[in-house]
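Chemist: Please find one structure pasted underneath; my questions will follow.
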Amino acid sequence: MNNIAGYIMILWMLAYIHQAEAMNIHQFYTDVHLPRINISWSAMGRNIEYRLEARKINGLPISSLNTVREINTNQDFIVFDAEFGAEYNCSLYIKNGTATNYMYKNFTVFDTEPAPRPIQDKEPGSTGVKLLVLHVKDALYYHIVAHKMNPLKANRSNLPDPDSIPSESLRGFTTNSITYITLNISQSDMNETDSVYVIGNGKINGGVLNAKLDGYYSYAFFQRTFVEGRSAPISHPWTPILGPQGGPKRATEDDEVVIISISVLIGVIAFIIILVFCCYLKYSRNYAPKPVKKKRTDPVQRLSIDPAIPVTECDFYDHVAQMKFHNFKGFYEEYTNMEVPFKPTEEFRNPDNNSKNRFLNVPCYDHSRVPIEPRNDKNTYIHANFVPGFDTDKDYILTQAPLPETIKDFWSMVFDHNVETIVMIGQEFEKGHNVCAPYFPSKEGHSVTALYGKITLEHEHRTADYIIRTLIFTPLGSHNGPRRIKHFQFLSWPAVRITPCCPIVFLQFMRAVNKSITKSKVVHPLVIHGTTGTGRAGIYACIDTQLRRIRKQSDVNVYEAVLDVRSTRWDGVKTLDEYIFIHDTALEWILKKKIRDIDVEYLPHYIENINKSAPDELFTTEYNFLAATVVSATQKMDVANQPCNKSKNRYDTVKPFDNNRVKLTKLINTE
């Protein structure tokens, strides 16, 4: 009997199929700017249960794909929150209240509207832009993301999908930023409604610099909303592209035709002038062919694509930014392709010279070796090499730190080659070991007399990062009298660190050295040593070459300088981080040229003059320089980005560096 009743019920439900086939779908938006779906269907009678499955097919990855919503109800409609810009299929199952399984299935597909985008309006009288930020109920905070573009290539098709940009990869503004967070807005700042913000006002909001927009570039923006309870944020569409407000404009077709016509005309005229001039030279009686000026020969054969082409000072910022794309890919390819052939090292391998080598695995090339005059032992060997700079092929002498057995050779080299300045990078004791024999007195006014002569420490000036000493060197057997030697020691670069933490400190040290050198009328070799005389000494020589090059011809050629060092001194500039640091320091020098150092006694008078003229403009220039300071490649934030530490960061864009973060004692049974 029960089987007959169930069979009759099935027939009754099948007969009622057409009443439930049509599902009515209605989308509406609440004051939270999120889509809400109302699905209704024709009721089939009493004691009938319905189960609706809503499955997202594609769209924004606000939640995981193919998420199934199962909603059991005995009503003839259901309302649920959906996601922006997604496609859903809905399946409706029904059963009689006494049955154990759902027996009926209906199917429909629908799309939700795309996420609304913030409204953009040009800020009058500036390069900034007004943006209406959309308020979302239950939001935790909002990010406004800016994307900087070349105005000649600005097109919406070139913009990345906002959802394809991970939040973890976005940071606040730096000098090489392309896509960056320009506003960090908390929910409390929104005042429960859509609010207008000005982008590019130069102020700090929520720990993020709202950097001024460059008038020579185009920009687009999108809003990213972080909502409580959602595993991923809502990414709103891009705003319209904001064109440049003072830079190059996109050329029209008519402009391009005019430009091409003028270029062709100028080319024809130039060709005719050159042809006439050549004919004049050929048939002139006084004509005599001039010798062709030889191009400078590189230390090694250049790559098929020559990276040794100088970069102008004004283009160097963009050059460094491009080299840092894709995890410093440009630097990596350029450095790893820099092949330097090994040169002969016969004198280094001479058993008689073993005691004069600090390390047996750090050879000394023969072709660039610095000779010294033979003394009692008639030996001319010292572990030192001439390295070319901007002015001559012997601008620098890179040498190892003196050993007790080689102090006399070190001072002989200083005397023989008329050295007036010595640069020492590092300290006498590093890693708990003595890495440099004391070759000068340690106390002011004291003297040391040995086989090589008398050394007196006349004066010593100490700063936080370096020491400047004046030494008086009186060689034994010399009739020329004593010599004054300037000795500069940089303290903030121990051997355990690949590069200094901050390029600006190292530049201050180099400025002190160069200030002393420029007082000399005759150019003498600059002696540089660390421990081995390769890594830190090579970096100093390369950076100093770039500073001289920038001052005299306003361009930069780091690749050529590093090749010169590595071709004359073994293992000079031996890591990729060191290669990047040379670029960063040269860029720091270019950016800082407009910033002056003020002596303490003149500071009140300096500030008084600023207040009388244009204080906002000058202080803004200095602040923008600080905001544009280059962060070294070695300053990473891996610890702060670990999943177990993310909840400890107040802002996702403000995190501590690994190398100087405060470390806590690890608790037992904790990550």
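Each value in this text was obtained by applying a stated rule to the coordinates, not by laboratory testing. It should be emphasised that the depicted structure is a prediction, and the values quoted were computed from it without experimental measurement. Reconstructed Cβ throughout: ideal geometry from the backbone, glycine too, with neighbour counts over all protein chains shown.
Chemist: Using θ = phi - 60° and the Karplus relation 6.51 cos²θ - 1.76 cosθ + 1.60, list the HN-Hα couplings for segment 587-592 in order, rounded to whole Hz, with x at every Gly or Pro.
Modeler: Working through the residues one at a time gives 5, 4, 5, 5, 5, 8 Hz.
Chemist: Just order 143-152, 339-348 by mean Cβ neighbour count inside 10 Å, highest at the front, would you?
Modeler: Top to bottom by mean Cβ count within 10 Å: 143-152, 339-348.
Chemist: Using the count of nearby Cβ atoms within 10 Å as a rough guide to exposure, how do Phe271, Phe173 rank from fewest to most?
Modeler: By the 10 Å Cβ count, ascending, the order reads Phe271, Phe173.
Chemist: Based on the alpha-carbon gyration tensor of segment 416-540 and its eigenvalue square roots a ≥ b ≥ c, which shape applies: rounded if a/c is under 1.5, prolate if not and a/b is larger than b/c, or oblate?
Modeler: Cα axes put segment 416-540 in the prolate bin.
Chemist: State the Kirkwood hydrodynamic radius of segment 347-592 in Å, one decimal place, computed from all pairs of distinct Cα atoms.
Modeler: The Cα-based Kirkwood calculation yields 18.3 Å.
Chemist: Give the residue from Thr534, Phe473, His433 lying farthest towards the positive end of the charge dipole for segment 347-592; charges sit on Cβ (+1 for Lys and Arg, -1 for Asp and Glu) and the dipole is referred to the Cα centre.
Modeler: Value: Phe473.
Chemist: Can you pick out the pairs among Lys356/Lys394; Lys329/Lys593; Lys56/Lys646 whose Cα atoms lie more than 25 Å from each other?
Modeler: Cα-Cα > 25 Å for Lys329/Lys593; Lys56/Lys646; rest within.
Chemist: Something else: Taking the Cα centre of segment 431-486 as origin, work out the dipole magnitude from +1 charges on Lys and Arg Cβ and -1 charges on Asp and Glu Cβ, in debye rounded to 20.
Modeler: Computed about the Cα centre, the dipole is about 80 debye.
Chemist: Which is farthest toward the positive dipole end of segment 347-592 among Ile582, Thr406, His461, measuring Cα position about the Cα centre, with Cβ charges +1 (Lys, Arg) and -1 (Asp, Glu)?
Modeler: Checking the options against the dipole of segment 347-592, the answer is His461.
Chemist: Counting other beta carbons within 10 Å of each Cβ, put Lys593, Lys324 in order, fewest first.
Modeler: Starting with the residue having the fewest Cβ neighbours, the order is Lys593, Lys324.
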